[in-house]
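The values are calculated or read from the model by the stated rules, or taken from the named source; none is laboratory data. A quick note: this is a predicted structure, and the numbers were derived from the prediction, not measured. Because the Cβ atoms are built from the backbone with ideal geometry, glycine has one as well, and the counts that use them run over all protein chains shown. SASA here: full protein model, heavy atoms, side chains in, ligands and nucleic acids out. Shrake-Rupley method; radii C 1.70, N 1.55, O 1.52, S 1.80 Å.
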Amino acid sequence: MDSGILSTQLEKLPAYGLTLELKGPVVINGSLGLSYILSLVYLLFFLLLLSALYLLPLSPLFSTSLGQFFCLAVILVWYCRQLFNKHFLLKHPFSIQKLVFTELGWCYVELKNSQIFKADICSDTILTEHLVILNLTERAPEELFLKDYPASPFASTIKNFRLFNKHSVLLTADRLDSNKFREIKRHLRLISFSKNSHLK
């Protein structure tokens, strides 16, 4: 395989810029941090979904078998476990471990599986006083589309059709620290999403 194609995988994180290293849910000074509370709310939500799924066969409006609902319950539990490991425990291979912001509008991302890539900050990022939901879109490697498919509509369609290029991460003061959390909020407030066409 061409070394240019692999350059985004082998690219090192820069040593400068606003660097965020994420931690899992933690207990601070004997009290639960916000990320810990969010993880508990998340689990309660999925338990409610599971309970509703279990009670549906008992309703006279639904005549499907208990086996079908059992299969759906297994899928729901598996999906909940994947999301929980990815966004809260940070044990999933595609969990975001580190972010480095060098310029406005985009950042470097390092996953738990050591993959490193550049990602644009999406305009649907949520910024509140105590919580930041950072939504990112992974940039496609430019090397794949420079010379092989010049000005081809099919190539541009492939380039824009990326199923697994969306990433999301929950940022709280206890997951980072108070100073870093203030810095990232200040950094995100400087981004004008309406003026950055590449964020649309």
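Between their Cα atoms, which of 23/166; 91/180; 98/180; 118/180 are more than 18 Å away from each other? Don't skip to the end; give the middle numbers.
Working: 23/166 21 Å; 91/180 22 Å; 98/180 13 Å; 118/180 20 Å.
In this structure, 23/166; 91/180; 118/180 lie more than 18 Å apart at Cα.
Ignoring ligands, DNA and RNA, how do 16, 79, 42 rank by accessible area with a 1.4 Å probe, largest first? It would help to have the intermediate numbers written out before the result.
Values: 16 145, 79 115, 42 40 Å².
Highest to lowest solvent-accessible surface, that is 16, 79, 42.
Contour minus end-to-end for residue 102 and residue 18, with contour as 0.36 nm per residue of separation and end-to-end as the Cα-Cα distance?
Numbers: separation 84, 0.36 × 84 = 30.24 nm, distance 0.66 nm.
Answer, rounded to one decimal: 29.6 nm.
Which order do the peptides 130-136, 68-74, 109-115 take when ranked by the mean count of other beta-carbon atoms within 10 Å per residue, highest first?
Values: 130-136: 17.0, 68-74: 13.3, 109-115: 15.3.
Result, highest mean Cβ count within 10 Å first: 130-136, 109-115, 68-74.
For residue 178, put the label point 7 Å out on the Cα→Cβ axis and report which residues of segment 114-142 keep their amide N under 15 Å from it.
130
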